[in-house]
Amino acid sequence: MSFKSGFEYYQCEDGIYHMSFYDHQKTTIDGCFRCLEQVYAATPPNQQVRLLLDARPSTGLMLMLKYITDKSRELNSKLKRPRLAVAIVIETTIFSRVLDTTLRVFIRSDDALRIFDLSQYDTAVEWLQQAAATAGD
């Protein structure tokens, strides 16, 4: 049995950035934030970045939440980020509410954030596509 580590990301034709996580190690989180920095820097200020974060292996994510919030603060202090629409696909548990509450600290009034259960992957994509239609990009 093989085990993937890290994460991968790509941008689809519809403009949504898909990020799939295979673990939640510091090196993985660091790599993700390096990619986000590049995406934010390349996005014109009047456009919205749409992110689909597939965090299926939720093991270890709770332990990394403080590190993720620290990295978010660091990134936000480095550059002016564009508007965001973020859909997170994760196994919904009580942790999902903690994650949602914690991440809302970084969400501005012109951003959108929603957490979806694993079974709602297609719904998450549709929600992001709708966000694009209403964002006026």
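The values are calculated or read from the model by the stated rules, or taken from the named source; none is laboratory data. Treat the numbers as computed from the prediction; the structure is a model and nothing was measured. Glycine also receives a Cβ, built like all others from the backbone with ideal geometry; neighbour counts cover every protein chain displayed.
Of the strands (runs of 3 or more DSSP E) lying entirely inside region 1-93, those containing at least 1 residues that are at pLDDT 85 or above and surrounded by fewer than 18 Cβ atoms within 10 Å (Cβ to Cβ) are 7-11, 17-21. If the condition is being in a helix (DSSP H, G or I), surrounded by fewer than 16 Cβ atoms within 10 Å (Cβ to Cβ) and either in contact with a Gly (Cβ under 8 Å, 6 or more places away or on another chain) or of a type in the set (A, V, I, L, M, F, W, C) (or both), then region 100-110 contributes only 105. The residues of region 111-137 that are over 13 Å from the mean Cα position of the chain (by Cα), modelled with pLDDT of 85 or more and surrounded by fewer than 19 Cβ atoms within 10 Å (Cβ to Cβ), listed by number, are 117, 118, 119, 120, 121, 122, 123, 126, 127, 129, 130. Among the residues making up region 111-137, those that are closer than 20 Å to residue 83 by Cα and in a helix (DSSP H, G or I) are 124, 125, 126, 127, 128, 129, 130, 131, 132, 133, 134, 135.
Mind telling me which of the residues 133, 55 ends up being among the small types (Gly, Ala, Ser) and touching a strand residue (DSSP E or B) at 6+ places or on another chain (Cβ under 6 Å)?
Of the residues listed, the single one that is among the small types (Gly, Ala, Ser) and touching a strand residue (DSSP E or B) at 6+ places or on another chain (Cβ under 6 Å) is 55.
In the condition set (1) more than 16 Å from residue 115 (Cβ to Cβ); (2) more than 11 Å from the chain's Cα centre (by Cα); (3) not charged (D, E, K, R), residue 17 is compliant with all but (2). Might you let me know whether region 98-120 holds any residue that is among the charged types (D, E, K, R) and closer than 19 Å to residue 29 by Cα? Taking every residue of region 98-120 in turn, at least one turns out to be among the charged types (D, E, K, R) and closer than 19 Å to residue 29 by Cα.
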